[in-house]
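Below is one structure, written out as structure tokens, with a few remarks after it.
The values are calculated or read from the model by the stated rules, or taken from the named source; none is laboratory data. These numbers were taken from a predicted model, which means no experiment stands behind them. Quick reminder, even Gly has a Cβ in these numbers, built from the backbone with ideal geometry, and neighbours come from all protein chains shown. Only protein heavy atoms, including side chains, enter the accessible area calculation; ligands, DNA and RNA are left aside. Shrake-Rupley method; radii C 1.70, N 1.55, O 1.52, S 1.80 Å.
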Amino acid sequence: MIAQVSLGSSPLKQPLDNIHAYSILPRMIGHVDADCFYVSAERVRHRHLLGLPVGVLGNHGACIIAKSYEMKASGVGTGVPIWEAAKICPEGIYVKRDFRWYEVLSRKMLDVVKRHSPRVEFYSVDESFFQARSWTAKDASGLQRELIREVGVPVSVGIAPTKTLAKLISDSVKPFGYGVALTESARRELLEGLPVTEITGIAKRSAVKLASHGITTCDQLAAADRAFVRWLLTKRGEDLWWELNGTSVLPINVARPVHKFVSRGGSIGRASSDRQRVAAYVVRNVERLVEALDHYKLVCDQLTLSLLFRDAPERGQRVSLLGSTSGVEPLRQAALWLLPQVWQPPRAAVHYMHVIAGRLWPRWQSQPSLFDQPALRDPQQDTRTAALETVTQQVNASVGRFALRSGMTTPLADVHADPANEYDICDIYGKSCF
Amino acid sequence: MCKGISILKARLKQELFDEYELEKRIVARAESEQPELHFMYPDPVVELPVEWDGQTLIMEWGNRGNKESKLPRTGWCRKESLDAGKWRWLKPEPCIIPANFGLEKGVWFHIDEGLEGVVVRDEQDKPHVYMLTQAASVYYENMTRHERMPVLVGQVI
Ligand SMILES: [Mg+2]
């Protein structure tokens, strides 16, 4: 107000009007999301796939993990087995996933977004949130054009006062769309009739709870009583309520949130009851886990092994370690000790596994265990182990991941022979979400 | 294995179209603007594009029906047999079968550059091409449900 009075006749009226506008407008947040990212990434290097129904296959070549809009239109969904997809979409082209290539493009996209904004959150492999410096449709389309020109990947862009609204926009304008919700009417229009399940953070269970109170759409949720939403969905739900109503409460996380757990694992391909093969997978996943702990400069106090069987209920067990560690040797020993405990009944066929590090500490903060008595240990052995780990790291850093690995993983010669297996999606570091 | 391939029309020179009547092999896939040519083993005329001896040409694919010929009555050559010397008497020469997509059991898979093959000559000294095969990787077998796979150039499936 003071500014307006004193500057009413100023020749600088125009720019200061902008400052005034800034003070009443909320900070705007942008959301960039690649359209069918894995397929688009394949199209960057294989241009002839443009316009074709394309499906990217997962780690074992059996299921569709991403599909082009052309393939989607023929009725193929994510997760569909390839033999079904090939029947539904006989003209479809199937491509083996290449996470290493997808990360290259993911980083390039992030670099472009960072040129547009001082604050960028690397949300997932193909999505980021950013603080929008300006918020016209032209800005959104400009970013989109720049990404297609420099990276070759089509994206959708949403700009709104909150993360939740920005993401709802980019989801609803796909593919290759953009939208800005600056005004109250634009916000209302966006939310009207949109199912609550479209909101990231409203899981199926929350949606069921909401539905039992007659709330199925975003506009209904936004119009609901705030205290009621908090009672029903706790603080997380209330946060979303604020966000839907245009008040930003979820910040742009520039740094990745501190981990509670770090986990490595996944499918082991064909379910197996071969002891050596399963043990080899445990060791391989421990080696991946150690690599992740090293990357985040963390140590752990606990290790959990969980196994999913094809023909028996899932089982998991946790063990406390002797002091904080991120060493291959103690973690391998712990995991292999857990294996027979968790593998019950022993004839069950293992299908998926996870090796999970818990009770994490930054490496510099780690405490030696009370039970870890140096007097009881062989110092020479310790030095040898440490030296071996250093050499392993150095060799792998220059030759390639897992070039040097435990002899126990030799039953997985087929897995290691394929360079594509060296890279899994969870090995792309720095995302704030999976 | 791989019972047929597809190659982008743009990868083949115009002269080949006139010489080998390739026009009838042109197919449009979905909404793509890039026409393709299909070469299938069950086709009336069994052929494949081949990069051999510094040029690209169209060659008869194996020996499908000629009982009189000395050539093996198949379109594929097992790499194990080749390595074991079982094809030596035919004086096989390596070649590349350029391709963009391969077909097996109804699944079209992407091919980066092409497939490995061998060229052998029949009694009339006419060259024929055989597609090399090897034991399928787990990935390929899941994808196509076939226990043999082609030998891909610079690509691992
Ligand atoms: Mg996306």
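The modelled label-to-label distance for the pair B:S69/A:R119, using points 7 Å beyond Cα in the direction of Cβ, is 7.1 nm. The residues of segment B:113-157 occluded by other protein chains by 30 Å² or more of accessible area, set against the chain on its own, are B:V138, B:Y139, B:N142, B:M143, B:R145, B:V156; surface from heavy atoms, 1.4 Å probe. Sparse packing (at most 13 other Cβ atoms within 10 Å of the Cβ) combined with a DSSP loop state is found for the following trypsin sites (Lys or Arg not before Pro) in segment A:258-356: A:K260, A:K297, A:R310, A:R347.
What shape does chain B have by the C-alpha gyration tensor, where a ≥ b ≥ c are the square roots of the eigenvalues, rounded means a/c under 1.5, and otherwise prolate means a/b greater than b/c and oblate the rest? It comes out oblate by the Cα gyration axes. For GluC sites (Glu not before Pro), the sites in segment B:1-60 that DSSP calls loop and that have at most 15 other Cβ atoms within 10 Å are B:E21, B:E31, B:E33. Per the helix-only calculation at 222 nm, which mean residue ellipticity applies to chain B, given -39500 (n - 2.57) for every DSSP H run of n ≥ 4 and division by its residues, nearest 500 deg cm²/dmol? Value at 222 nm, helices only: -3000 deg cm²/dmol.
The interface between chain A and chain B buries about 2100 Å² of solvent-accessible area in total (1.4 Å probe, ligands and nucleic acids excluded).
Taking max minus min of the alpha-carbon positions on each principal axis, chain A gives extents of 83, 59, 49 Å, largest first.
Note on the protein assembly as shown: with charges restricted to the Cβ of Lys and Arg (+1) and Asp and Glu (-1), its dipole about the Cα centre is near 1520 debye. One decimal place: the segment A:A137-A:R384 gains 82.8 nm when fully extended, by the rule 0.36 nm per residue minus the C-alpha distance. Heavy-atom surface analysis with a 1.4 Å probe gives segment B:4-150 a carbon and sulfur content of 48 percent of its accessible area.
Residues of segment A:54-68 buried by at least 40 Å² of accessible area upon assembly of all protein chains, compared with the chain on its own (1.4 Å probe): A:H60. Long hydrophobic helices in chain A, taken as whole DSSP H segments with a C-alpha length of 15 Å or more on their own axis and mean Kyte-Doolittle hydropathy at least 0.0: A:328-342.
Using Cα springs under 10 Å in a Gaussian network model of chain A, which residue among A:A41, A:A255, A:A334 shows the largest mean-square fluctuation? Maximum among the listed residues: A:A255. Evaluate the charge dipole of segment B:4-150 about its Cα centre and quote only its size in Debye, nearest 20, assuming +1 on the Cβ of each Lys and Arg and -1 on the Cβ of each Asp and Glu. That gives segment B:4-150 a dipole magnitude of about 620 debye.
Look at the stretch B:96-106: the mean tally of other chain Cβ atoms within 10 Å of its residues' Cβ atoms is 2. Per residue, the convex hull spanned by the Cα atoms of segment A:61-138 measures out at 121 cubic angstrom.
Label separation (A:I65 vs A:D418): 1.1 nm, computed from points 7 Å beyond Cα along the C-beta direction. Interface burial in segment A:81-118, defined as at least 20 Å² less accessible area with all protein chains than with the chain alone at a 1.4 Å probe, covers A:I82, A:W83, A:A86, A:P90, A:E91, A:I93, A:Y94, A:K96. Summed over the residues of segment B:4-150 and divided among them, the accessible surface reaches 49 Å² per residue at a probe radius of 1.4 Å. Of the GluC sites (Glu not before Pro) found in segment B:85-119, those that fall in a DSSP loop while having at most 15 other beta-carbon atoms within 10 Å are B:E113. Each Lys or Arg adds one and each Asp or Glu subtracts one; over the other residues with Cβ under 12 Å from the Cβ of B:R25, this totals -3. Over chain A, DSSP H runs of length four or greater, each weighted -39,500 (n - 2.57), average out per residue to a 222 nm ellipticity of -13000 deg cm²/dmol.
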